[in-house]
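**Student:** Can you keep this structure in mind? I'll have questions shortly.
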Amino acid sequence: MASSVLHGITERVLQKLGSLALQEDALVDDGIEAKLRKIQYALASIKGVLLDAEEKQGHNYKLRSWLEQLKDVLYDVEDLLDDVQCEALTKKLNGQQRKHGKVRHFFSCSNPFTFHLKMGKKIGEIVGRLKQMVGEIEGFGLSKRACDGGVVGVRVREMKPNLVRGFGPIIGRDADKDRIIELLMQRDPPRDGAKLSVIPIVGIGGFGKTTLASLVFNDDRVREHFALTIWVSMPGSFNARLIVERIIQSKLGQSLNNLDYPQLQTLLRGIISRCKLLLVLDDVQKMNWAGWDHLRSQLAEAADGTKVIVTTRDAKVPNITSSLLAYNLQGLSHEDSMSLFKTWAFDQNEREIRPRLLQIGDEIVGRCSGVPLALKMLGGLLYSKDNERFWELVRDDDMCRSIQTEEDILCILKLCYMYLPSHLKQCFALCSVFHRGHITIDLTTAYFWTACGLIPPSNEDGTPEDTCNKYLKELWSRSFFQEAWQRGPSLSFKMHDLLYDLALSVSTEQIDCSLLSRSSQRIPERTRHVSLLHTLSSGQMKENEAPPFLSRLKSNRVRMFNCDSQDTFNTRKSVDSMSKCEYLRFMHLSFSSFEELPGSIGKLKHLTVLSLGGNCRMKKLPDAICKLHSLLFLSVSRCSGLEELPRDMGRMINLRCLWLTTKQKSLLDSRIHRMKSLRYLLIRNCGNLEVLFGGRVCLNNLLSLEIENCPRLVSLPLGELTALGALRITGCDKLMLTQLEDNKSGLFPKLRFFMVSASQRLVHLPQWLQASADTLEELHIIDCINLMALPEWLQDLKHLKKLHIFGCPRLSSMQGVSLLSALQELHIAGCPELSRKCPVEDGELWPEVSQVSF
């Protein structure tokens, strides 16, 4: 069995203690170093008996209490070590400023004597607690046991395109798909005067209801039959207003925050009036008669033939919707089950599957009752180790039981979780702090997991982004993420609803997560990770009103605060109260509505992630934000009211990712161009921005630059961005990309991804792209209405794998495409001139296109 979460935390703290001893600038004197060694020895002793203690805790209250105390001590040690690290960062920065004559006051740097005194007191207290705990080991009768880290000999599946796109291989559902399409196409008489009929797809969790609905939704026959197709995921209780909002957003793509319900109803009528609509309501829970009747009345304007597909576990839904077309989804046949299992349990490159493994697998498949989720999970688990003994252990485990109910499926999911390595257990469990149905994106997840201590900020094995990418792929390989897709250079993942339920249960139990509502009175004492999720039934917060638990906030334990509610943080006071949590690492307050971020934010020296995106009322950031030397990620994206950024952002010496929106004409005064640590920069919706930077640009480590909807921007300092791997430019009307061609060679020696979108001035591709001929893998050209032709030198892009061209009506020539030997994807749409020249066999450009091999 793989190691536990607590065992993993112990290892992490021991590694930090070991690395601290190797740091020359750790600010640790001989006395403190000796005490830290005592902590290290004590934790090493405890680690040896930890597996035995966790297995024996059962009904032993004293032993459970001892393990809880250990967890508290471990977090306290980690906080102390991070204090030392923060102090070293401050010393480093002050040294740099003193060198350049910028330290203005004596008290601008910390007092070493005070710091050592404070640290010595904390360390002495921790040593005393650990000494007592070590002394209690013998009384519990604990013995040393080796623990399988769960990493050695583990295989991780390669993310091949046939497994990554959408849901991966979909086996055994063709007949189900065709039957539901038949039901969609048939002409049913309206029931009770309503101009829609409902097809509920009913089955227990894990049967593949969403997968089947997606197959139907994306079928060409369905797209041609309906004028409008809309998919709405229902992550919580059934709510008609939410469905109305999602329908409008899917069609108009705009924020609806400032609209009242009558305005939403008017917009909805305009969208669906006399329109044959297909609406998919995915994963509907807790539907009621009143809510359904209200939604049906809102859809009454739609044309005859409008249909609704509802995927649900609730057998009452067909009755509530008065549907005669309920489709009760069944499990896969044994043959299809075995085919799906083999896809996930064996390497596709294996020529022969070992008969013994196949036999064990067949026994396991027989217990899965055709449930695709269970087959994928067990297949992913068994793929990780291809030895017979391991497969037999899984088969013979009591938790690998025959599936009769949803509880049996959850038991199998828990079994797969238990075999995860400790670091992946923590990563998976922490996904529960986000809302059900949350899309996990590799870049933001990297900083989230780093803030929670699961990924080192930097180490010899790679960057936080690289490590996160590796962890996400491991979780996907074991089917803990069911969907995976690639958008440009980034990967996105989505978790199955039952797996989210599992993450919720283990996060509360093992990593001290609390899910609060706005009416919660307090934060439970042992809580380290707080998530405040939006609940539609909780009503709107009054102006200047704060959640009760914030006014009573006293705990220094809280490390992470995630708020997914749009109106909870609407005052400066609400945010100011968070500064009491001095060890806070992660603060996600997107779509809040306070006007000013308080200067007390500068006290949070451990803060690693600060997300304020979507706050349209915030006008200013305090200068104190520049004191956050540990910050890796900062988002003020879509903060449309933000007048200017602080002037000394260059002091954030560890910032790796910055997303911003501002009213400024130039970013020069903010000193962003001096951030040597910056790797990812997103500039969005800056209507006044004309120039990014001026003078010498030091962004030599920038890997990705995205600029969206900056209509006045006229120039870019592209010549200085030598490490750039991804460049995305959208909606920059005045930007002349070809202006860099003169006297510029070798601009982007490492560029792998380039997208240009909504560029009216683009007539031909910029010549400087040729400098990336040896590296460019993806080229996306979207809504460039004046683009006339692709250049002859396109054939020089010998590593180009994806070429996507959409919405270029004047494009009439694409020379050299047939010579792109590495091309794997060629997508062309909305290009009528090209379409006219590409008919099969006799089209002018058909010889060019037909020779592309995939």
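**Student:** Return yes when LEU681 is under 19 Å from CYS698 (Cα atoms), of a type in the set (A, V, I, L, M, F, W, C) and not in a loop (DSSP other than H, G, I, E, B) and no when it is not. Working first, answer last.
**Tutor:** On the way: under 19 Å from CYS698 (Cα atoms): yes; of a type in the set (A, V, I, L, M, F, W, C): yes; not in a loop (DSSP other than H, G, I, E, B): yes.
It is true that LEU681 is under 19 Å from CYS698 (Cα atoms), of a type in the set (A, V, I, L, M, F, W, C) and not in a loop (DSSP other than H, G, I, E, B).
**Student:** Another question about this same structure. Could you give every pair whose Cβ atoms fall below 6 Å, whose first residue belongs to the stretch 45-70 and is more than 17 Å from GLN132 (Cβ to Cβ) and polar (S, T, N, Q), and whose second residue is open to solvent by 50 Å² or more (accessible area, probe 1.4 Å) and at pLDDT 90 or above, counting only separations of at least 6 or pairs across chains?
**Tutor:** GLN57/ARG64
**Student:** To continue, here is another question. Can you list residue pairs whose Cβ atoms sit under 8 Å apart, with the first residue in the stretch 368-389 being of a type in the set (Lys, Arg) and the second being in a loop (DSSP other than H, G, I, E, B) and buried (at least 23 other Cβ atoms within 10 Å of the Cβ)? Count only pairs 6 or more apart in sequence or on different chains.
**Tutor:** LYS376/SER479; LYS376/GLN482
**Student:** Under 6 Å between Cβ atoms, which residue pairs at least 6 apart in sequence (or on different chains) link something in the stretch 490-506 that is at pLDDT 90 or above with a partner that is open to solvent by 10 Å² or more (accessible area, probe 1.4 Å) and assigned to a helix (DSSP H, G or I)?
**Tutor:** Within 6 Å, the pairs are ALA503/CYS431.
**Student:** While we're here: Here are some residues: GLU509, GLU525. Which one is over 30 Å from GLN348 (Cβ atoms) and without any contact (Cβ under 8 Å) to a residue 12 or more places away in the chain?
**Tutor:** Values: GLU525 fails: without any contact (Cβ under 8 Å) to a residue 12 or more places away in the chain.
After ruling out the rest, the residue left standing is GLU509.
Let's see how each residue does on (1) open to solvent by less than 20 Å² (accessible area, probe 1.4 Å); (2) farther than 14 Å from GLY139 by Cβ; (3) part of a helix (DSSP H, G or I):
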{"position": "TYR41", "(1), (2), (3)": "no, yes, yes"}
{"position": "VAL49", "(1), (2), (3)": "yes, no, yes"}
{"position": "GLY58", "(1), (2), (3)": "no, yes, no"}
{"position": "SER65", "(1), (2), (3)": "no, no, yes"}
{"position": "ASP72", "(1), (2), (3)": "yes, yes, yes"}
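**Student:** Could you list all residues from the stretch 285-295 that are touching a Ser or Thr at 6+ places or on another chain (Cβ under 7 Å) and either open to solvent by 70 Å² or more (accessible area, probe 1.4 Å) or more than 25 Å from GLY236 (Cα to Cα) (or both)?
**Tutor:** LYS286, the sole residue that qualifies.
**Student:** A further question on this structure: Scan the stretch 259-284 and report the pairs whose first residue is without any contact (Cβ under 8 Å) to a residue 60 or more places away in the chain and surrounded by fewer than 12 Cβ atoms within 10 Å (Cβ to Cβ) and whose second residue is outside any helix (DSSP H, G or I) and of a type outside the set (Lys, Arg), with Cβ atoms within less than 6 Å and a gap of 6+ or a chain change.
**Tutor:** That search, which allows pairs on different chains as well, returns SER273/GLU301; ARG274/ALA303.
**Student:** Got at least one residue in the stretch 314-329 being under 17 Å from SER479 (Cβ atoms) and either within 35 Å of the chain's Cα centre (by Cα) or modelled with pLDDT under 90 (or both)?
**Tutor:** Within the stretch 314-329, the first condition is being under 17 Å from SER479 (Cβ atoms), and the residues that meet it are none.
No, because not a single residue in the stretch 314-329 is under 17 Å from SER479 (Cβ atoms) and either within 35 Å of the chain's Cα centre (by Cα) or modelled with pLDDT under 90 (or both).
**Student:** Could you please find all residues in the stretch 355-365 being modelled with pLDDT under 95, open to solvent by 50 Å² or more (accessible area, probe 1.4 Å) and either small (Gly, Ala, Ser) or in contact with a Phe, Trp or Tyr (Cβ under 9 Å, 6 or more places away or on another chain) (or both)?
**Tutor:** ARG356, LEU358 - these are the residues of the stretch 355-365 that are modelled with pLDDT under 95, open to solvent by 50 Å² or more (accessible area, probe 1.4 Å) and either small (Gly, Ala, Ser) or in contact with a Phe, Trp or Tyr (Cβ under 9 Å, 6 or more places away or on another chain) (or both).
Results for (1) out of contact with any Gly (no Cβ under 9 Å at 6 or more places or on another chain); (2) modelled with pLDDT of 90 or more; (3) more than 26 Å from ALA451 (Cα to Cα), shown as yes or no for each residue.
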| position | (1), (2), (3) |
| --- | --- |
| GLN40 | no, yes, no |
| LYS71 | yes, yes, no |
| ASP76 | yes, yes, no |
| GLN85 | yes, no, no |
| ALA88 | yes, no, no |
| LEU93 | yes, no, no |
| HIS100 | yes, no, yes |
| ARG104 | yes, no, yes |
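**Student:** Another question, then. At pLDDT 65 or above, open to solvent by 50 Å² or more (accessible area, probe 1.4 Å) and either of a type in the set (Asp, Glu) or over 27 Å from SER214 (Cβ atoms) (or both): does that describe LYS121?
**Tutor:** Judged against the criteria, LYS121 is a match.
**Student:** Oh, and also: What are the residues in the stretch 195-251 that are part of a loop (DSSP other than H, G, I, E, B) and within 22 Å of ILE271 (Cβ to Cβ), if any? Walk me through it before giving the result.
**Tutor:** Residues of the stretch 195-251 that are part of a loop (DSSP other than H, G, I, E, B), as a first pass: 195, 203-208, 218-219, 226-227, 234-236, 238-239.
Residues satisfying the conditions are LYS195, ASN218, PHE226, ALA227, MET234, PHE238, ASN239.
**Student:** Still on this structure, I have one more. Modelled with pLDDT of 90 or more, open to solvent by 50 Å² or more (accessible area, probe 1.4 Å) and among the charged types (D, E, K, R): which single residue out of ARG191, ARG165, ARG173, ARG223 fits that description? If you could, list the steps in order and put the result at the bottom.
**Tutor:** Numbers: ARG191 fails: modelled with pLDDT of 90 or more; ARG165 fails: modelled with pLDDT of 90 or more; ARG173 fails: open to solvent by 50 Å² or more (accessible area, probe 1.4 Å).
Within the list ARG191, ARG165, ARG173, ARG223, the selection yields ARG223.
**Student:** Name, by its number, the condition in (1) modelled with pLDDT of 95 or more; (2) outside any loop (DSSP other than H, G, I, E, B); (3) polar (S, T, N, Q) that does not hold for SER600.
**Tutor:** Tallying (1) modelled with pLDDT of 95 or more; (2) outside any loop (DSSP other than H, G, I, E, B); (3) polar (S, T, N, Q), SER600 fails exactly one: (1).
Okay, residues lined up against (1) touching a residue at least 40 places away in the same chain (Cβ under 8 Å); (2) among the hydrophobic types (A, V, I, L, M, F, W, C); (3) open to solvent by 10 Å² or more (accessible area, probe 1.4 Å):
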{"site": "ARG761", "(1), (2), (3)": "no, no, yes"}
{"site": "ALA773", "(1), (2), (3)": "no, yes, yes"}
{"site": "LEU779", "(1), (2), (3)": "no, yes, no"}
{"site": "LEU797", "(1), (2), (3)": "no, yes, no"}
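**Student:** Spot the failing condition for ASP293; the list is (1) part of a loop (DSSP other than H, G, I, E, B); (2) over 20 Å from HIS225 (Cα atoms), and only one is missed.
**Tutor:** (1)
**Student:** Could you give me the residue pairs with C-beta distances under 9 Å whose first residue belongs to the stretch 212-223 and is more than 11 Å from LEU278 (Cβ to Cβ), whose second residue is of a type in the set (D, E, K, R) and buried (at least 18 other Cβ atoms within 10 Å of the Cβ) wherever it lies, and which are 6+ apart or on separate chains?
**Tutor:** LEU212/ARG173; LEU212/ASP176; LEU212/LYS177; SER214/ASP282; LEU215/ARG173; LEU215/ASP176; LEU215/LYS177
One line per residue, one yes/no per condition, for (1) touching a strand residue (DSSP E or B) at 6+ places or on another chain (Cβ under 8 Å); (2) of a type in the set (Lys, Arg); (3) open to solvent by less than 30 Å² (accessible area, probe 1.4 Å); (4) more than 22 Å from LEU776 (Cα to Cα):
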position: LEU699; (1), (2), (3), (4): yes, no, yes, no
position: SER704; (1), (2), (3), (4): yes, no, yes, no
position: CYS710; (1), (2), (3), (4): yes, no, yes, yes
position: THR722; (1), (2), (3), (4): no, no, no, no
position: LEU727; (1), (2), (3), (4): yes, no, yes, no
position: ASP733; (1), (2), (3), (4): no, no, no, yes
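**Student:** How many of the residues in the stretch 616-634 are assigned to a loop (DSSP other than H, G, I, E, B), modelled with pLDDT of 90 or more and farther than 13 Å from PRO646 by Cα?
**Tutor:** Residues that pass the stated criteria total 5.
**Student:** Related question: Condition first: out of contact with any Gly (no Cβ under 8 Å at 6 or more places or on another chain), closer than 22 Å to HIS496 by Cβ and of a type in the set (Asp, Glu). Can you find one or more residues in the stretch 264-282 that meet it?
**Tutor:** Yes, the conditions are met somewhere in the stretch 264-282.
**Student:** So, in the stretch 333-350, of the ones that are among the acidic types (Asp, Glu) and within 12 Å of GLY366 (Cα to Cα), which residue ends up surrounded by the most Cβ atoms within 10 Å (Cβ to Cβ)? Walk me through how you get there before you give the answer.
**Tutor:** As a first pass, look at the stretch 333-350 and keep what is among the acidic types (Asp, Glu): 335-336, 347, 350.
If we keep only those that are within 12 Å of GLY366 (Cα to Cα) as well, we get 335-336.
Numbers: GLU335: 10, ASP336: 17.
Ranking the candidates gives ASP336 first.
**Student:** Okay, moving on. Residue by residue through the stretch 339-361, note down the ones that are of a type in the set (Lys, Arg) and either outside any helix (DSSP H, G or I) or touching a helix residue (DSSP H, G or I) at 6+ places or on another chain (Cβ under 6 Å) (or both). Break it down stepwise before answering.
**Tutor:** The initial filter retains those residues of the stretch 339-361 that are of a type in the set (Lys, Arg), namely 342, 351, 354, 356.
Hits for the stretch 339-361 are ARG351, ARG354, ARG356.
**Student:** Follow-up question, since we're still on this one. Within the stretch 601-640, which residues are among the hydroxyl-bearing types (Ser, Thr, Tyr), farther than 18 Å from THR662 by Cβ and open to solvent by less than 20 Å² (accessible area, probe 1.4 Å)? Spell out the reasoning first.
**Tutor:** Taking the stretch 601-640 first, the residues among the hydroxyl-bearing types (Ser, Thr, Tyr) are 608, 611, 630, 635, 637, 640.
Next, from what is left, pick out any that are farther than 18 Å from THR662 by Cβ: 608, 630.
THR608, the sole residue that qualifies.
**Student:** Yes or no: LEU279 assigned to a loop (DSSP other than H, G, I, E, B) and over 20 Å from PRO372 (Cβ atoms)?
**Tutor:** Criteria not met by LEU279.
**Student:** Let me ask something additional. Any chance you could count how many residues in the stretch 248-272 are farther than 25 Å from GLU182 by Cβ and either aromatic (Phe, Trp, Tyr) or modelled with pLDDT of 85 or more (or both)? Can you show your working first?
**Tutor:** Looking only at the stretch 248-272, we keep the residues that are farther than 25 Å from GLU182 by Cβ, and these are 248-271.
Applying the additional criterion that residues be either aromatic (Phe, Trp, Tyr) or modelled with pLDDT of 85 or more (or both) yields 248, 261-271.
Summing the residues that are farther than 25 Å from GLU182 by Cβ and either aromatic (Phe, Trp, Tyr) or modelled with pLDDT of 85 or more (or both) in the stretch 248-272 gives 12.
The values are calculated or read from the model by the stated rules, or taken from the named source; none is laboratory data. Bear in mind the structure is a predicted one, so any value in this text is a computation, not a measurement. Backbone-built Cβ (ideal geometry, glycine too); neighbour counts: all protein chains shown. Just the protein is used for accessible areas: all its heavy atoms, side chains included, with ligands, DNA and RNA removed. Shrake-Rupley method; radii C 1.70, N 1.55, O 1.52, S 1.80 Å.
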